Structures are given as C-alpha cells and as structure tokens.
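Colleague: Let me give you the structure first, and then I'll get to my questions.
The values are calculated or read from the model by the stated rules, or taken from the named source; none is laboratory data. Given the structure is predicted, the values throughout are model-derived calculations rather than measurements. As a convention, Cβ positions derive from the backbone with ideal geometry for all residues, glycine included, and neighbour counts pool all protein chains shown. Note: areas computed on protein heavy atoms with side chains; ligands, DNA, RNA excluded. Shrake-Rupley method; radii C 1.70, N 1.55, O 1.52, S 1.80 Å.
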Amino acid sequence: EFLVMAKVVALITSTPSNEVIKVNQRKLDGVLKAKGVRFEEVDGLLPENKELRSKLFDLSNLRGKYPQVFIEDGGEYEFVGDWDAFEAIVENDTVSETTARMQGIKTFSSVFSKCM
C-alpha cells in the first residue's frame with residue numbers, strides 16, 4: 001500500500017515587493033530544510049499556480065501576503081500561518097512538550113510532525 005505523506009506548502013513570490021519578504025522567504029526555506037521537513041514552494045505569481053494560489057488565499061484570508069505556510073495532506077490544505085505565526089511556532093520549540101500541551105502552545109514539532 002502506498003502511503004501519501006503530508007507536506008508543507010510554502011506560498012511565496014518570485015518577485016518580492018521588499019527586502020523583508022525576500023529575507024523571510026529565505027529564512028522559511030532554511031528552517032524547513034534544516035528541520036528535515038517535506039515541503040514544496042508554490043510561486044503565487046506563476047500563471048499555472050493561479051488556481052491553487054486563490055484557494056490558499058481563500059483559506060488564509062491574506063490575499064497578496066508572502067510567505068504563507070500551509071500543510072497539504074491527501075489533497076486537503078490547512079493554513080498554518082504567515083511568516084510571523086511560523087516564526088513564533090519555531091521559537092516555541094524551546095518550550096517543553098508538557099508545558100506546550102497544557103497551555104495549548106503550538107510548537108514546530110507538534111504542528112509539523114506529520115511532515116517530517
């Protein structure tokens with residue numbers, strides 16, 4: 001039986017409107033690679049990605065904002081957050097699992113476990 005694994009979908013832009021977006025996209029790529037997460041970058045500006053981009057914008061309610069992070073699992077997409085939310089999740093990984101669970105804190109390990 002073939003098991004389809006969940007993966008992170010990073011919605012990015014190939015022509016960032018400012019340096020902050022460019023740096024955040026680079027950091028996102030670096031963190032996902034360093035943590036060994038399965039991921040795919042989707043360039044929201046490419047015409048062939050227009051349908052998926054619209055679907056992802058509808059999920060996040062953040063039209064035209066980059067980067068955004070989603071989890072795709074079996075064709076279903078779940079919005080994780082924009083760059084600020086993603087960065088907070090990464091920083092929360094220093095919190096103990098017990099504390100995180102008790103206080104409802106999203107950690108990198110808990111959010112992305114099915115993508116690693």
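Colleague: Give me the 1.4 Å probe accessible area per residue for segment 29-102, excluding ligands and nucleic acids, in Å².
Modeller: Each residue of segment 29-102 exposes 59 Å² on average to a 1.4 Å probe.
Colleague: Taking H as built 1.01 Å from N, whose amide H comes closer than 5 Å to the amide H of Tyr77, not counting residues under 5 places away?
Modeller: Correct list: empty.
Colleague: Taking the structure as given and computing percent of Cα pairs over 26 Å apart, which label from (i) 13; (ii) 19; (iii) 43 fits?
Modeller: The value matching this structure is (ii).
Colleague: Could you point to the residue in Asn49, Trp83, Cys115 farthest towards the positive end of the chain's charge dipole, with +1 and -1 charges on the Cβ of Lys/Arg and Asp/Glu respectively?
Modeller: Of the listed residues, the answer is Trp83.
Colleague: Okay, next question. Using a 1.4 Å probe over the heavy atoms of the protein chains, calculate the carbon and sulfur portion of the accessible area of segment 1-47 as a whole percent.
Modeller: Here it works out to 59 percent.
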